[in-house]
Amino acid sequence: MRILAIDPGEKNIGLAISDPTGTIANPLTVLKHVSRVKDASAIVQIAIQHDVGLIVVGQSVDVEGSPTVQSRRAARLYGVIKSQTTIPVILWDESGSTQAARAARLAMGAIRRKRGGHLDDLAATYTLQDYLNYHAEKG
């Protein structure tokens, strides 16, 4: 089953998708944020197009596990996506995904001037791989 992960941001929304076995996460695309309803509609259409069986929405929390401004935004997007599809939708802790994406870009040897720009699809990939690894270990 393919799984779609969402990294919601203020300006961009990163998307990543798993392989059909649900083992490996890959960057898919970055959507420009328009409005919650339009963003959710675009996400649902992408999920349908890729025959996704689960949508994972990344939601960061602070060090005490409390919601942040970004996590409340993610929760609202989650609610709208859930209202627009019968595909199961869950929230998943994405804390540290942007930092991990930045580290991955460095590890890939990106030159300094190419390190800028959005990391949203890589952050979504990190979140999805974390979700896949957790469930693989859980068995």
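Overview of values
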read-out: Which numbered condition Gly65 misses (of (1) closer than 28 Å to Gly22 by Cβ; (2) within 16 Å of the chain's Cα centre (by Cα); (3) without any contact (Cβ under 8 Å) to a residue 40 or more places away in the chain); value: (2)
read-out: Selection from segment 15-36 of residues that are among the hydrophobic types (A, V, I, L, M, F, W, C) and either touching a residue at least 60 places away in the same chain (Cβ under 8 Å) or surrounded by 13 or more Cβ atoms within 10 Å (Cβ to Cβ) (or both); value: Leu15, Ala16, Ile17, Ile24, Ala25, Leu28, Val30, Leu31
read-out: Filtered residues of segment 50-62 (kept if over 17 Å from the mean Cα position of the chain (by Cα) and outside any loop (DSSP other than H, G, I, E, B)); value: none
read-out: Only listed residue being surrounded by fewer than 20 Cβ atoms within 10 Å (Cβ to Cβ), at pLDDT below 95, within 22 Å of Leu119 (Cβ to Cβ) and touching a helix residue (DSSP H, G or I) at 6+ places or on another chain (Cβ under 7 Å), chosen from Val61, Val69; value: Val61
read-out: Residues (more than 13 Å from Leu122 (Cβ to Cβ) and charged (D, E, K, R)) located in segment 1-36; value: Arg2, Glu10, Lys11, Asp19, Lys32, Arg36
read-out: Segment 72-84: number of residues that are surrounded by 13 or more Cβ atoms within 10 Å (Cβ to Cβ) and free of Cβ contacts under 8 Å to residues at least 24 places away in the same chain; value: 4
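Table: residues versus (1) under 11 Å from the mean Cα position of the chain (by Cα); (2) at pLDDT 90 or above; (3) of a type outside the set (Val, Ile, Thr).
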position	(1), (2), (3)
Gly79	no, yes, yes
Pro88	no, yes, yes
Glu94	yes, no, yes
Ala100	no, no, yes
Arg105	no, no, yes
Ile111	no, no, no
His118	no, no, yes
Ala124	yes, yes, yes
Glu137	no, no, yes
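The values are calculated or read from the model by the stated rules, or taken from the named source; none is laboratory data. What you see is a predicted model, and the numbers here were worked out from it, not measured in a lab. Because the Cβ atoms are built from the backbone with ideal geometry, glycine has one as well, and the counts that use them run over all protein chains shown.
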